[in-house]
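The structure appears below as structure tokens.
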Amino acid sequence: MSEIWFRTGEATVLAAEGQATDAMPEVLIGSVKGPAGHAFASMMGQAVGHTRMFVIRDLNQLVRPATMMTTKVTIDSAAYVELLGGVVQGAIGDAVLDCVIDGVLPKDEVDDICLIIMVWLDPRCATDENLDRKDLYRTQYEATKLAIARAMKGEPTIDELIANRKTVKHYALDGIVEY
């Protein structure tokens, strides 16, 4: 049985200039027999506006370890669903598989662990006539790999967080909080 019970990670990869393709996945990794597995199974139903889906790389290519994705944004258009279930899902599937290939996720435990990935896909992407789908793939792929790696390494550590407490602040706090 897996010793990976409840690991969390996140990452941000910024879009190319002029694009709204920033990626900010939040990842939960854990044993299918623990709280992560319970959460995974509980997500099998749908919630209005927040589609949940298995991550596949293509038709009949369900990624291993089993991975469920959902959006952090309320879905209100077919165009958004097409991007989410297309380019974004494909990028996440490739990233998960590459994490197994690279040894970040243990190959011998792919049937014992599961992942839940909360996806940021900016709603503007669905209506942007100049959307760069290659950049959308790049940001989702890179951010997913980084979030998984951080979860598996326990990064940032509590010591890192304590050390940078007065030097790093949330971007939304500029002009609000001074350290």
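Name the lysines eligible as straight-distance cross-link partners of K153: C-alpha to C-alpha under 19 Å, and not fewer than 8 places from it in the same chain.
K107, K145
Which GluC sites (Glu not before Pro) does the range 1-69 hold that lie in a coil by DSSP with at most 11 other beta carbons within 10 Å?
E3, E17
Would the range 110-179 count as rounded, prolate or oblate if I go by the C-alpha gyration tensor, calling it rounded below 1.5 in a/c and otherwise prolate when a/b exceeds b/c, oblate otherwise?
oblate
What is the chain by shape, rounded, prolate or oblate, if you read a ≥ b ≥ c off the alpha carbon gyration tensor as root eigenvalues and call it rounded for a/c under 1.5, prolate for a/b larger than b/c, and oblate otherwise?
Oblate is the answer for the chain, as a/c is 1.5 or above yet b/c matches or exceeds a/b.
With a ≥ b ≥ c the root eigenvalues of the C-alpha gyration tensor of the range 3-48, is it rounded (a/c under 1.5), prolate (a/b larger than b/c) or oblate?
Because a/c hits 1.5 or more and a/b fails to exceed b/c, the range 3-48 counts as oblate.
What whole number of Å gives the distance from the Cα centroid of the range 1-59 to the Cα centroid of the range 108-151?
A separation of 9 Å, based on Cα centres.
Rank these by accessible area, largest first, 1.4 Å probe: F40, F54, F6.
The most accessible residue leads, giving F6, F54, F40.
Counting other Cβ atoms within 10 Å, keep those with at most 16, restrict to DSSP loop, and tell me which trypsin sites (Lys or Arg not before Pro) in the range 83-179 are left.
Hits after loop and neighbour filter: R165, K166, K169.
Hey, got a sec? Which GluC sites (Glu not before Pro) in the range 108-179 land in a DSSP loop and have at most 12 other Cβ atoms within 10 Å?
E129, E178
For the chain, what is the relative contact order in percent, using Cα pairs closer than 8 Å and at least 6 residues apart in sequence?
33 percent
The values are calculated or read from the model by the stated rules, or taken from the named source; none is laboratory data. Being a predicted model, the structure only gives us computed values, none of them experimental. Don't worry about glycine lacking a Cβ; one is built from the backbone with ideal geometry, like all the others, and counts go over all protein chains shown. Side chains are part of the model used for accessible areas, which takes the heavy atoms of the whole protein and leaves out ligands, DNA and RNA. Shrake-Rupley method; radii C 1.70, N 1.55, O 1.52, S 1.80 Å.
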